[in-house]
């Protein structure tokens, strides 16, 4: 999923993500998207060469449009994210992140999340490290006590050892939150920040 190709009324490049299967965001969906048209025309010409007549043109156009759709879907690449959070205090945040990752315009997908529970398995650190290795980035979702949650601190240490980038986002709308040590700058959880941090 790329950035919208439209320009704003002031001439700036649109900062929204393009919708699935389009070069434009929801706001600019009415803009002329030429790639499906070009694919259909080329397909129609080829179809007419192989099967002369109107049937060949229709068949070729449909095939060109289908190839364009498949090509666009294959280009969409979402970042694989490991989500670290304070399991004892902020379980609700996990659901928020997973829900957002399933939205069409989301720039990421959750591949795993914090594994430390109240009574963790003896090998939770091994499982967490393996999941962090599979990820592109570790996203820390910050609540009031996250800065001192032992599981989160261990997962950040693993991410640093594995050379994975770490970002941290405030999980709730209101309140004061303390950044988790060694996890970088603390950001508000907004679409704009997600797009920048996951680019």
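Where a number appears in this text, it was derived from the coordinates with a stated rule and is not lab data. Note that the coordinates shown come from a computational prediction; the quantities given were computed from them, not determined experimentally. Every residue, glycine as well, gets a Cβ built from its backbone with ideal geometry; the counts of neighbours run over all protein chains shown.
Numbers at a glance
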read-out: Extension gain, residue 134 back to residue 80 (0.36 nm per residue minus Cα-Cα distance, nm); value: 18.7 nm
read-out: Inter-probe distance in nm under a simple model that places probes 7 Å from Cα toward Cβ, at residue 173 and residue 190; value: 1.5
read-out: Mean-position separation - Cα centroids, region 98-112 and region 157-181, in angstrom; value: 18
read-out: Extension gain, residue 89 back to residue 181 (0.36 nm per residue minus Cα-Cα distance, nm); value: 31.3 nm
read-out: Spacing of the two label points (7 Å from each Cα toward its C-beta) at residue 122 and residue 102, in nm; value: 3.6
read-out: Relative exposure of 146, 190, judged by other C-beta atoms within 10 Å (fewest first); value: 190, 146
